[in-house]
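See below for the structure under consideration.
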Amino acid sequence: MKNEKLGFNKVLLLASLIFGIFFGAGNLIFPIHLGQAAGANWLPATIGFVLTGTIVPYLAMLAVSVTKSEDLYALAQPVSHYFALFIVVAFHLVIGPLFATPRLPAVAFSTGIAPLLPAKYASFGLLIFTIIFFGLAYLLTVKEADITAWIGKYLNPLFLMGLFALFVVAFLFPMGHLNHIPTAAYRTSAFTAGFMEGYNTMDGVGLLTVGVTIVYAVRGLGVHNDNISKEIAKAGALSVIVEAVIYIILILMGTMSLGQLKLSENGGIALAQIISHYAGNAGLILTAILVTLTVFTTAMGLFQAFAQDMEAVFPKYSYRFWLRVITIGSLIVANLGLTTIIAWSVPVMMMLYPYALGIIGLSLCKKYFEGSPVVYRWTIGLITIPAIGDMLANLPVSNAGLDHLVAGYHHLVPFSSQGLGWILPGFIGALLGYGQYRLIQTKIMQKIEK
């Protein structure tokens, strides 16, 4: 017999699971780096970051549950079979072996271990650390074990206690004030810059891909049918509120750190420097444990989601085969180093996030157009050109031809210079698609009446 709703304790358990899947490496390092870059303009930057860092992933969870989708392919399939395949493969490669998963141990290593090692041993140390990290993640997911107990009951509370201790110390003994000079990107467009920085957490893309794992967890707690969306909405809201608070505190820590530190190369370095300032080497060891705990929970969720979805799309290859793919691929990429991973992930996210936002919006509104493929196709079709333009504009390489192409794109497409060139085309596409849908419906009704 199904439960009509979850009790408070089970809502907390589900919220903890969502948080554990949600909160990974980027969620620690990008807010701190944003705080340093935004300086005195930290507030509008924070609002932008929270929107893409918490609200978009929350809506992604709801999109998966409301549409009763069994996987990411089902969410994107109304556009076309080939687009859905592209989205499944692209999203899973991004949150899997190409960027998000390799970033997990790279952050833990750079913040807590690398500062303790002589520079000449850094590469070898990273290799050993990532072998152990991904080896354990593989072993814990190879049998499709229930990750709820691991994430919800054990690892998250340890992480949150450690993070809380860091926050208390940082605010009892602040490193500086909040009125530092912003970097160029945050002087005139702090909100937009923060909004773009939220892309780098990859949570909007990530929750579309692992949202089904959350749905399965709710079912495992005895909830079915329409109540699934309601329970995910409650637990998800609690999770994103906690995450938003953590983001704000991390951003403030980053801004205040400029009283003692210079702008860091990445947020991992900044976090290590802040910890070292307060607690020296002992603090760095604590950081290594703290960060490893949080990123390991995320790794477990991403490993499982990657293997499950890729097996569903390519059933010729087993769940265990895809686990090996993500394990080996992540190990190789992680050893390129955190800065390199971040540099190349930015342009890819600038291309994929408009697709993610389009799919989320269409999924949540599909009841108003009965999920008609024409609305999906118009919207996604017009999003494609600016998505590619935003990717090219953020490549970590440059040449005269590319610069000329990007300049033309920024001149022709509204808001594109701020990384939001997809907004107007996406809106126009949705209107055109809806108009065609209504026209088709009118013709159908006329035929019936005849």
Any hit, region 282-296, residues being closer than 22 Å to residue 97 by Cβ, part of a helix (DSSP H, G or I) and out of contact with any Gly (no Cβ under 9 Å at 6 or more places or on another chain): yes
Residues being among the polar types (S, T, N, Q), over 22 Å from residue 232 (Cβ atoms) and in a helix (DSSP H, G or I) - total across region 54-102: 1
Criterion: in the same structural domain as residue 42 (by TED's automatic domain parsing), over 25 Å from residue 70 (Cβ atoms) and over 16 Å from the mean Cα position of the chain (by Cα) - qualifying residue of 233, 193, 217: 193
Residue in region 181-203 that is more than 30 Å from residue 42 (Cβ to Cβ), crowded, with 19+ Cβ neighbours inside 10 Å and at pLDDT below 90 present: no
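Working carefully through the options 251, 269, 285, 274, find the one that is more than 30 Å from residue 70 (Cα to Cα), touching a Pro at 6+ places or on another chain (Cβ under 8 Å) and not small (Gly, Ala, Ser).
Just a single option satisfies the conditions, and that option is 251.
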Lone qualifier among 93, 98, 85, 75 - being closer than 13 Å to residue 207 by Cβ and out of contact with any Asp or Glu (no Cβ under 6 Å at 6 or more places or on another chain): 75
Criterion violated by residue 113 - all others in (1) at pLDDT 90 or above; (2) more than 26 Å from residue 319 (Cα to Cα) satisfied: (1)
Qualifying residues in region 410-450 (those that are under 30 Å from the mean Cα position of the chain (by Cα) and part of a loop (DSSP other than H, G, I, E, B)) - the one surrounded by the most Cβ atoms within 10 Å (Cβ to Cβ): 422
Any hit, region 349-364, residues being over 18 Å from the mean Cα position of the chain (by Cα), within 23 Å of residue 74 (Cα to Cα) and of a type outside the set (Gly, Ala, Ser): yes
Residue count, region 391-404 (criterion: surrounded by 13 or more Cβ atoms within 10 Å (Cβ to Cβ) and either in the same structural domain as residue 197 (by TED's automatic domain parsing) or part of a helix (DSSP H, G or I) (or both)): 4
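The values are calculated or read from the model by the stated rules, or taken from the named source; none is laboratory data. As the structure is a computational prediction, the values presented were derived from the model and not from experiment. Using ideal geometry, Cβ is built from the backbone for each residue, glycine included, and neighbour counts are taken over all protein chains shown.
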